[in-house]
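Just so it is clear, none of the values below were taken in a lab; they were calculated from the coordinates. The shown structure was predicted, so the numbers you read here are calculated from the model rather than taken from an experiment.
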Amino acid sequence: MKDILQTIILNLVDQKDAVEIKELEGEKSVVFEVKVADGDMGKIIGKQGRLARSIRTLMKAVATKEHKRVSVEFIG
């Protein structure tokens, strides 16, 4: 799951070296903390949060196949 999220994020940002993704895994849930450069935060969130919502939806679909719950948090 982390690989898919990382691929999406790296294709959206300009400063690829500033991307950090932490994976906090519980029994049946996974929380991803995505940290990007301040200048790239707008690209990740998108207009009115549409892109961020799409990323979360995609990750939930992937997590469903693995019978887990997922949460994606964007940290500036």
> List the lysines whose alpha-carbon lies under 18 Å from that of Lys28, not counting same-chain residues fewer than 8 positions away?
Replying inline: Lys2, Lys60, Lys65, Lys68
> Can you give the convex hull volume of the alpha carbon atoms of the chain per residue, in Å³?
Replying inline: 74
